[in-house]
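Okay, so here's the structure we're looking at.
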């Protein structure tokens, strides 16, 4: 155990003396998870919307209020004709146009179909599909509300007999925030890559300063060298996990259970990658050394 402790202390001393590695160990994971956490976000909210309300009735105003109150749409301008929406879409000032034609309120009052037109910028297909889904959901809920009011006014039951009603319930991510999915995944990826990178840098550093040959001929057992090289980076990986998990929980509001699960998975992957990487680099660096050490013995002349 004393030999193993000496190897571990030697590795920590080399890490401390390498000033370039300190920022890589402590600063790089926090910067990476912060940048990825804000950059990788597929949530579609506050879609810039242009309104063309040609009906100007109480029903049309209520529909517009439903769009705004949903939190997915933001009215940034209005017009008198549907053709005016093209200017907003071409200049990328708006992504969606809502057109409510004349007679919308009268059609709803007389139980006739009332059409609403949506003009969407399809240059970003993913966002356009999500925005269309949100708009369809808001319109469908508004139609169901109008139908319920009509049935109540007529004295009929609020829900027709035999009608299926969907009651969704989402586990683990009730608000369906993409950040709650991406940030723990980025956390696990960063910890796995960073720990593997540090272990590789440790082996390369031994080769660069010429101490790999000294380690090989040192009278220590292979498992002591292996554990002594891996344990310091495992400890560093634990500190990285704590720092990155703190940024994930307190910086992005991800629940501790999700961050903890990702951290445990990343730690298991780190241990596996550290072992495989070190064994691969050690075996690749040891074979040429054996060949070099055996060359002089072949050239020695045998006594007659």
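The values are calculated or read from the model by the stated rules, or taken from the named source; none is laboratory data. In this text, all values refer to a predicted model and were calculated from it rather than measured experimentally. A quick note on method: Cβ atoms are made from the backbone with ideal geometry, for glycine too, and the neighbour counts reach across all protein chains shown.
Annotations
- Residue count for segment 1-31 satisfying the condition of being in a loop (DSSP other than H, G, I, E, B) and either modelled with pLDDT of 80 or more or surrounded by 14 or more Cβ atoms within 10 Å (Cβ to Cβ) (or both): 2.
- Look at (1) in a loop (DSSP other than H, G, I, E, B); (2) more than 30 Å from residue 185 (Cα to Cα) and you find that residue 41 fails only one, number (2).
This table checks each residue for (1) at pLDDT 75 or above; (2) surrounded by fewer than 14 Cβ atoms within 10 Å (Cβ to Cβ).
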| residue | (1), (2) |
| --- | --- |
| 152 | yes, yes |
| 162 | no, yes |
| 174 | yes, yes |
| 189 | yes, no |
| 192 | yes, no |
| 200 | yes, no |
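- Residue match in segment 214-221 (condition: under 39 Å from the mean Cα position of the chain (by Cα) and crowded, with 17+ Cβ neighbours inside 10 Å): no
- The number of residues in segment 89-141 that are in contact (Cβ under 8 Å) with a residue 40 or more places away in the chain, over 18 Å from residue 63 (Cα atoms) and buried (at least 19 other Cβ atoms within 10 Å of the Cβ) comes to 2.
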